[in-house]
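We did not get these values from a lab; they are worked out from the coordinates using the rules stated. In this text, all values refer to a predicted model and were calculated from it rather than measured experimentally. When we count neighbours, we look across all protein chains shown, and the Cβ atoms used for this are built from the backbone with ideal geometry, even at glycine.
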Amino acid sequence: MIDQWSTYALADFVPYLAEVYFGLIAAANQTYWPLHVSTLTLGLVLIWLGCSRRPRLALGLLAAVWVWVAYSFLFTRYAELNWAAHWLGWGIVAQAGLLLLACIPFRRLDHSRMPATWPGITIALFGLLLYPLITAYLGSSWSAAEVFAIHPEPTAMASMGISLLALRGWRLVLTLFIPIAWCLLASLHLHVLEHAFPWMPIIVAATAILATIARPLARDYK
Amino acid sequence: MPEVVPTRREFLTAMGVLTAAFTLPGFSQAQSKALLCKPIPGSNQCLPVIGMGTWQTFNVGSSASLRQARTLVLQKFFELGGRMVDCSPMYGSSADVLGYALQQLDYPEALFAASKIWTSNGDATAEQLNTQQNAWGIQRFDLMQVHNLLSWQAHLDHLMQLKADGSIRYIGITTSHGRRHRELEHIMQSQPLDFVQLTYNIRDRVVEQRLLPLARERDIAIIANRPYGGGGIIKTLQSRHPVPAWARDELDCRTWADYLLKFIVSHNAITCAIPATTQVVHMQENMAAGSGTMPDDAMRQRMAAHVASL
């Protein structure tokens, strides 16, 4: 089977035209408006919870957001267009599981080290506030805006930021893996769709990786 | 014999029909330039040389406006003499959208329904066939193909049984982008295929060397997919170069669609090409390419050389 899949090109995994995919984005906005106000508020609350050292509540709510995005976007809308949607949806549900796993108190979560506050806040706010504005601008319409807890890309970005605020060590890596993979897939997907700026998700993911790596280095130099 | 005098109503109806015959675009085109048909080897059926693909173009999900737009494209296809429509389970909602469009058009009799089996589960051939039939809303496919050689041994065995019991009329296998040609050649040599679908266009001609001659030798019909290279070939040519005057004068090539499709369907091994489109005007251009003067071998070489030089 692997040698079969190796004969496929990237474009073979995108069986629809760009206008149809971005129409899906707009349709989700139309269906769920004015839920956007609540999701923005929730995102800001999650950032605050991460900063105020209440990680379990932040991660639990974030897990619920991921499950909602899997259901409302991937399993329902996107599944009409792509045979791979269910696998992607279950990947997102797995992310929710990993976030809950990261909450398990094997021992008290250690916040003795300086948290990666500013990288986490920056990445989370990018997903929450800037990415919707940029996508609306590139799509020439508010209906083109991609929004936290409604569309997967900004959810992945904000999720990485909140993880950076709330977690350390293996728990952090555990909860970054799927959002980083999602951002990589998203950039490849946008590239196939000939999007004007397809590399935004992967740049945000790279920033999260650098923030994770840089933290132990910063401690060594203290 | 008593003289038959038409009533006023019969006379007016006849005038209406004649008026439609000379004014409706599809009708006039059919009258003036019939779509070239090629025989399906080993059968007494022939197929128009321009069919319709649905990769990406018909995958529009549940959008009512886009479904209606695709219905208009399909309507134009049938109006202009088209028959073969090709789809696959890999194409998202394309089968469902096709089924919607066919229902809107009351299932044209001309339809030559072609789809594919695309599952690694070699025992799921009949199940996927049934799923596709339900999506299209039809009783029987004319052609069922193994998509991209996936689990071809098991699926071809099942398809041969389904053909033998009359559930399908023809069986075939597909590939694209030049993939797995060596394996495809082996299958063409060893299996009783009716159709093979592969990529053939003015920039991708590798199949001319072995697979097309083999198809002629084995009486296998060839469907050419990606006639425009996924759209890249025609977009580049349209944006940068006019159709050469000699092609306009000698081959009735008014558009690059004419040029690119005539090149493909004039090959003696090609039965039909299946361009895909979302627009009625492009469907008209595609179908127009299936009529009028067709290039001979020398002209085909000139056409290929010209595009290669651009």
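I need B:Arg240, B:Arg302 ordered by Cβ neighbour count within 10 Å, fewest first.
Ordered by Cβ neighbours within 10 Å, fewest first: B:Arg240, B:Arg302.
Please report how many Lys pairs in the protein assembly as shown have alpha carbons closer than 27 angstrom, counting only residues at least 8 apart along the chain or sitting on separate chains.
Taking the Cα cut-off of 27 Å, the pair count is 13.
Within the stretch A:27-101, report the trypsin sites (Lys or Arg not before Pro) that DSSP leaves as loop and that have at most 14 other Cβ atoms within 10 Å.
Here the sparse-neighbourhood loop sites are A:Arg53.
Show me the three semi-axes of the equivalent ellipsoid for chain B, from the C-alpha gyration tensor (sqrt of 5 times each eigenvalue), largest first, rounded to whole Å.
They are 32, 27, 19 Å, listed from largest to smallest.
Under the rule of at least 5 residues apart or a separate chain, name every residue whose amide H is placed under 5 Å from the amide H of B:Met84.
Excluding prolines and chain starts, which carry no amide H, the hits are B:Met52, B:Phe112.
Could you work out how far the C-alpha centroid of the stretch A:49-80 sits from that of the stretch B:134-212, in angstrom?
Taking the Cα centre of the stretch B:134-212 as reference, the centre of the stretch A:49-80 is 44 Å away.
Which of B:Lys235, B:Lys116 has the fewest other C-beta atoms within 10 Å, and how do the rest follow up to the most?
Going from least to most buried by this count: B:Lys235, B:Lys116.
Could you list A:Glu146, B:Glu285 so that the one with the fewest beta carbons within 10 Å of its beta carbon is first and the one with the most is last?
On the way: A:Glu146 24, B:Glu285 19.
Going from least to most buried by this count: B:Glu285, A:Glu146.
Sequence-distant or interchain residues sharing an amide H contact under 5 Å with B:Arg140, placed H: which?
Under 5 Å from the amide H of B:Arg140: no residue qualifies.
Quick one: which residues, 5+ away or cross-chain, put their amide H under 5 Å from the amide H of B:Ile168? H built at 1.01 Å from N.
Close amide H contacts, sequence-distant or interchain: B:Lys163.
I'd like the Karplus ³J(HN,Hα) series for the stretch B:263-268: coefficients 6.51, -1.76, 1.60, θ = phi - 60°, whole numbers in Hz, and an x wherever there's a Gly or Pro.
4, 6, 6, 7, 5, 6
I need the fraction of alpha carbon pairs in the protein assembly as shown separated by more than 31 Å, rounded to a whole percent.
Looking at the protein assembly as shown, the distances longer than 31 Å represent 55 percent of pairs.
Please report Rg (one decimal) and Dmax (integer) in Å for the Cα set of chain A.
Gyration radius and largest Cα-Cα distance of chain A: 17.3, 53 Å.
Given R₀ = 30 Å, FRET efficiency for B:Val280-A:Thr76 by Cβ-Cβ distance, to 0.05?
In this case the efficiency is close to 0.45.
Per residue of A:6-14, what is the mean number of Cβ atoms on other protein chains within 10 angstrom of that residue's Cβ?
The shielding value for this peptide is 4.
Convert each backbone phi in the stretch B:214-222 into a coupling constant with the Karplus relation 6.51 cos²θ - 1.76 cosθ + 1.60 (shift: θ = phi - 60°), then list the ³J(HN,Hα) values in order as whole Hz, x for Gly and Pro.
Per residue, the Karplus-derived 3J(HN,Hα) values read 5, 4, 4, 5, 9, 6, 10, 6, 10 Hz.
With θ set to phi - 60°, apply the Karplus curve 6.51 cos²θ - 1.76 cosθ + 1.60 along the stretch B:83-88 and write out the HN-Hα couplings as whole Hz, x wherever there is a Gly or Pro.
So the J values, rounded to whole Hz, are 9, 6, 10, 10, 8, 6.
Using a 10 Å cut-off on Cβ to Cβ distances, tally the other chain neighbours for every residue of A:20-31 and report the average as a whole number.
2
Roughly how many debye, to the nearest 20, is the charge dipole of the protein assembly as shown about its Cα centre, given +1 on each Lys and Arg Cβ, -1 on each Asp and Glu Cβ, and no other charges?
It works out to roughly 1900 debye.
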